[in-house]
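Structure first, commentary second.
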Amino acid sequence: MLTLNAIKSDPEKIIQLLSVKNFDAKNIINQILETDRLRRETQQELDKTLAEFNEISRQIGKYIKEGNKELADNIKEKADFLKTKSKEISKQLSDIEHQLDELLLKLPNTPHFSVHKGNSSEDNEIVCSYGDIVQFTNRLLPHWELASKFKIIDFELGSKITGTGFPVYKGKGAKLQRALISFFLDKAINAGYTEIQPPLMVNEASAYGTGQLPDKDEQMYFVPLDNFYLVPTAEVPVTNIYRNVILKYNELPIKNVAYSACFRREAGSYGKDVRGLNRLHQFDKVEIVQIQHPDNSYNALNEMVEYVASLLKDLQLPYRIVRLCGADLSFTSALTYDFEVYSAAQQKWLEVSSVSNFETFQANRMKLKFKDVDGTTKLAHTLNGSALALPRIMSALLENNQKNNSIEIPEAIVPYTGFNAID
RNA sequence: GGAGGAAUGGCAGAGCGGUCGAAUGCGGCGGUCUCGAAAACCGUUGUUCGCAUAUUUGUGAACCGGGGGUUCGAAUCCCCCUUCCUCCGCCA
């Protein structure tokens, strides 16, 4: 969430910035300012009462020590009164603080100053494209047909066992999947990331920390018996490692990478967008996460974009980088670059990665701070990106590399698969 | 799952009803000494929220795993929860 300080020091600027996300913050911000004023007022009253109360307690202690029991008893009444009073005010204060928190949680992150407003994903800016979109003369099979032709992914079987959106990978399909995961992890480790194997279920506090709660709870699978959420992305557990942590400046940056299965309910999705591997309830993803010094977070974002680009080059997939406009930016993000690969048979661009800087938005929620060189404690910046999400990569690889009776495996992956074609 | 034990500042570790935000040691920071460094010695050392202050800083409140309770007063006593350790059982 946004910091109260940022809102207080320049409310108009926040309102203006949030309008870039098509979010009208005026009302909420006014409520926040008013609630904060009330909060400070109440706190002063409480502090005053407690100070007086502490003083009387000390007096009583002194009198008792001196053996002056009568004097002590005399002022006990006053102490009782102050105690009752402080309890009342303290209750008021915590109510007000909750209200304030709820208001603050409603505000999305402010976009980076360079972000254009736009109205929808139509207005995203294509930063660059790489690779040629080959014009095939013969009819190409979409990946779901290839999947059954080569018996590498079985969608119906997944439906039988669980439901739609839970495919079963078999034989060389399973091996290819595993090869890609290993390849992505090894690349990240070479790029300086530390591998993490996180829990696949998280508690409520963690889901709040990265911003999945309170508003996106219908997108997560929930285990009511234990109050756990299945992770929608490794970002959640991996970033929450640092919840309620104060790092030393020389511990920054922290660069972690994690492979995890990701679980998403995808409520409201339907139609041809969900065909085949395009949108699943369970899928695999390798995620990179950085905790950065605020001065360096945008350099880090660029570095992460470069890194993801290098993966796609290794896979020899045509891709483009898209810079999201305000309207398309997520609730928590300040700046996001999406990566899309071209899937030849479907003849469309598929999002395979989303690389974002959250600045202090997540850090403020989860109290992730660091002690700077000058000794002051500040909120850190968090960033993350997919590197990469498997299903659509798989989809593009299958469709783009299909031959008459086989599918070629990109050279970079062959050492991991142990075969150079699916046939 | 059953039986015990523990949780204190960056770390180690005292405190078991008032003067405790908390001894002591280590570490960190600043200084003295030195050509410089080490050693030694001296000083300093957390987080959050208010208020005052241009900065520095001063001052009030809260924080000893988390939440309740007893008491004028709780790190210290009681209850609940969480986590960790030891033993037993079960188990990939």
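With N set to the number of residues, divide the alpha-carbon radius of gyration of region A:347-388 by 2.2 N^0.38 Å and report two decimals.
1.67
Which of the residue pairs A:K85/A:K106; A:K216/A:K378; A:K48/A:K371; A:K8/A:K83; A:K87/A:K371; A:K348/A:K403 have a Cα-Cα distance greater than 26 Å in the structure shown? Mind showing how you got there, number by number?
On the way: A:K85/A:K106 32 Å; A:K216/A:K378 28 Å; A:K48/A:K371 32 Å; A:K8/A:K83 33 Å; A:K87/A:K371 35 Å; A:K348/A:K403 19 Å.
Flagged as over cut-off: A:K85/A:K106; A:K216/A:K378; A:K48/A:K371; A:K8/A:K83; A:K87/A:K371.
Using a 10 angstrom cutoff on alpha carbons, build the Gaussian network for chain A and name the most mobile of A:V134, A:V115, A:V223.
Fluctuation is largest for A:V134.
Using a 1.4 angstrom probe on heavy atoms only, work out the carbon and sulfur share of the accessible area of region A:262-379 in %.
Numbers: 1750 of 4260 Å².
Carbon with sulfur: 41 percent of the solvent-accessible area.
Through the Karplus equation 6.51 cos²θ - 1.76 cosθ + 1.60, θ set to phi - 60°, convert the phi angles of region A:151-164 into ³J(HN,Hα) values in whole Hz; use x for Gly and Pro.
So the J values, rounded to whole Hz, are 6, 10, 9, 10, 6, 5, 5, x, 4, 5, 6, 10, x, 5.
Each residue of region A:209-216 in order: what ³J(HN,Hα) in whole Hz does its phi give by Karplus 6.51 cos²θ - 1.76 cosθ + 1.60, θ = phi - 60°, with x for Gly and Pro?
Here the 3J(HN,Hα) series is x, 9, x, 6, 9, x, 8, 10 Hz.
Mind pulling the per residue volume of the convex hull built on the Cα atoms of region A:68-199? Å³ is fine. Intermediate results must be reported in sequence, preceding the final value.
On the way: hull volume 51.2 nm³, N = 132.
Once divided by residue count, the hull of region A:68-199 is 388 Å³.
At a Förster distance of 35 Å, what's the computed FRET efficiency of A:N30 paired with A:N203, Cβ-Cβ distance as r, to 0.05?
Numbers: r = 34 Å, r/R0 = 0.97.
That gives a FRET efficiency of 0.55.
Using modelled amide H (1.01 Å from N, peptide plane; none on Pro or chain starts), what sits under 5 Å from the amide H of A:S354, excluding residues fewer than 5 places away?
Here A:F339, A:S386 satisfy the definition.
Before anything else, pin down the relative contact order of region A:121-422: Cα pairs under 8 Å, at least 6 apart, normalised by residue count, whole percent.
Working: 615 pairs, mean separation 68.8, N = 302.
Computed value for region A:121-422: 23 percent relative contact order.
With a 1.4 Å probe and all protein chains left in place, how much accessible area per residue does chain A have, in Å²? Please list the in-between numbers first.
Details: 21000 Å² over 423 residues.
Ligands and nucleic acids excluded, the result is 50 Å² per residue.
Starting from the Cα coordinates of region A:264-352, work out the convex hull volume and express it per residue in Å³. Let's see the in-between values first.
Values: hull volume 12.2 nm³, N = 89.
Hull volume over Cα atoms, normalised by residue count, gives 137 Å³.
Looking at this model, which pairs from A:K160/A:K285; A:K21/A:K187; A:K160/A:K255; A:K26/A:K117 are more than 28 angstrom apart at the alpha-carbon? Mind showing how you got there, number by number?
Working: A:K160/A:K285 24 Å; A:K21/A:K187 34 Å; A:K160/A:K255 40 Å; A:K26/A:K117 17 Å.
Cα-Cα > 28 Å for A:K21/A:K187; A:K160/A:K255; rest within.
Over chain A, what lengths in whole Å, largest first, do the semi-axes of the equivalent ellipsoid take, defined as the square roots of 5 times the eigenvalues of the alpha-carbon gyration tensor? Spell out each step's value before the answer.
Values: eigenvalues 552, 102, 81 Å².
They are 53, 23, 20 Å, listed largest first.
Taking amide H positions as placed 1.01 Å from N in the peptide plane, with prolines and chain starts having none, which residues 5 or more places from A:A421, or on another chain, fall under 5 Å of its amide H?
Answer set, sorted by chain and number: A:I409.
The values are calculated or read from the model by the stated rules, or taken from the named source; none is laboratory data. Note that this is a predicted model, so its numbers are computed, not measured. With ideal geometry, Cβ positions are generated from the backbone for all residues, glycine too; neighbour counts draw on all protein chains shown. Surface areas here come from the heavy atoms of the whole protein model, side chains and all, with no ligands, DNA or RNA. Shrake-Rupley method; radii C 1.70, N 1.55, O 1.52, S 1.80 Å.
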